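Asker: Dropping the structure in here first, questions after.
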Amino acid sequence: MSSLRLSEGTAGLLGLKPVRAADLPTTAYLMLGEACVRDCAFCAQARGARSGAGRLARVSWPEFDWTEVAPALTSACQRGLVKRVCAQTVAGPEAIELLRELLARLEPLVAVPVSASLHIRDAAQLAQLFAGGLDRAGLAIDVANDRLFREYKGGELEQALQLLAAAAAAHPGRISTHLIVGLGETEQELLALADRCLGLGITVGLFAFTPVKGTRLADRPPPDLSSYRRVQAALRLLQEDRVRWTDLSFDAAGRLDRLPLPAAELARLLGSGLAFQTLGCAGCNRPYYNERPGSRLYNYPRPLTANEIAEALEPAMLIAESDLRAPQGELS
């Protein structure tokens, strides 16, 4: 591995490329591999995509020589600028071997945890990676609807979930997954799947669908922001056991239409704004994966201002219960 790609924000954070951004990543994102064998309809790295090798989500990934990356990454970790390293592996025959090589190279250089987003054959394949220094593994489900999963990713959703569950059982507390809002699923389908994952001890990261030129879904619009905020609010309440899945109410179209808490209590529980920040592994903030700088943010890469919290809370407040209950305390 003589070279690898870094997200543009990571390159800026490490001082390898000038980048103008209000928020830089707190995780160093590295991409391993080229020419993905999968053909996900929303991904710039898909087999049939025409987006170019240096794209993932809406982010550019310039290539650098390892001799440049290693000292810059070591320095950034020592200075506390990097809280975690995350390898985005492109599914291919060499992906696991490249990840093993990266883990071996990072072990003497950095003291921060290392995560990887990857594709595996079976849960046992993870054991060697964890033994080699991997802290967490992200196995992306992405699509929360059976039909759309077959159409956009290929294969069966239930089979992918069984593999995810087996990995979580074999490696408790070390498995994450990603769910994408805005692919045509309902809020009910997405939250049902998120709740199932939470029940298995799986960390759920939430993404907003991002149209990328050269992909099959390039012309699909991003999700409605109010819908995304409802999902974020409900997911946070589920994560913290403030509500149960059976407490949530949905209309005939699968839209969340009631949260079983009054507005005053929701303001206390969600008033920190954490529900609307990036979800995923500790230390991961993924700035501008879902949106352009200067636009309205789906996932905030930093703490929200008071005005941002009030605006983000509004969709949840509109579906709060009207009766009053004793406050349960703010989520931290």
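Any read-out appearing in this document is the output of simple, stated calculations on the displayed coordinates, not a laboratory observation. Predicted model only: the values in this text are computed from it and were never measured. Please note: Cβ atoms are built from the backbone with ideal geometry, for glycine as well, and neighbour counts cover all protein chains shown.
Asker: Taking +1 at the Cβ of each Lys and Arg and -1 at the Cβ of each Asp and Glu, which of Gly138, Ala267, Leu98 sits farthest along the dipole of the chain towards its positive end, judged by Cα position relative to the Cα centre?
Answerer: Leu98
Asker: Between the stretch 115-145 and the stretch 58-86, how far is it from one alpha carbon centroid to the other, in angstrom?
Answerer: The distance from the Cα centre of the stretch 115-145 to that of the stretch 58-86 comes to 21 Å.
Asker: Using the Cα centre as the reference, give the magnitude of the dipole from point charges on the C-beta atoms of the stretch 3-321 (Lys, Arg: +1; Asp, Glu: -1; all else neutral), rounded to the nearest 20 debye.
Answerer: 600
Asker: Suppose we keep just the DSSP beta bridges with both residues in the chain; what percent of those would be antiparallel, to 5?
Answerer: Around 25 percent antiparallel, to the nearest 5.
Asker: Can you spot the lysines whose alpha carbon is less than 21 Å from Lys17's alpha carbon? Ignore those fewer than 8 places along the same chain.
Answerer: Excluding near neighbours in sequence, the set is Lys83.
Asker: Also: If you take the square roots of the eigenvalues of the alpha-carbon gyration tensor of the stretch 38-126 and sort them as a ≥ b ≥ c, do you get rounded (a/c under 1.5), prolate (a/b over b/c) or oblate?
Answerer: Taking the square roots of the gyration eigenvalues as a ≥ b ≥ c, the stretch 38-126 is oblate.
Asker: Let me ask something else about it. Tell me whether the chain comes out rounded, prolate or oblate; compute the Cα gyration tensor, take square roots of the eigenvalues as a ≥ b ≥ c, and use a/c under 1.5 as the rounded threshold.
Answerer: Prolate, since a/c reaches 1.5 and a/b exceeds b/c.
Asker: Just name one of Thr67, Cys36, Gly254: the one whose Cα is farthest towards the positive end of the charge dipole of the chain (beta-carbon charges, Lys/Arg +1, Asp/Glu -1).
Answerer: Thr67
Asker: Which order do the peptides 262-268, 156-162, 44-50 take when ranked by the mean count of other beta-carbon atoms within 10 Å per residue, highest first?
Answerer: Packing proxy ranking, top to bottom: 44-50, 262-268, 156-162.
Asker: Lys153: which lysines have alpha carbons under 22 Å from its alpha carbon, excluding same-chain residues fewer than 8 sequence positions away?
Answerer: Those lysines meeting the cut-off are Lys213.
Asker: When only C-alpha pairs under 8 Å and at least 6 residues apart count, what is the relative contact order of the stretch 3-321, in percent?
Answerer: Answer for the stretch 3-321 is 17 percent.
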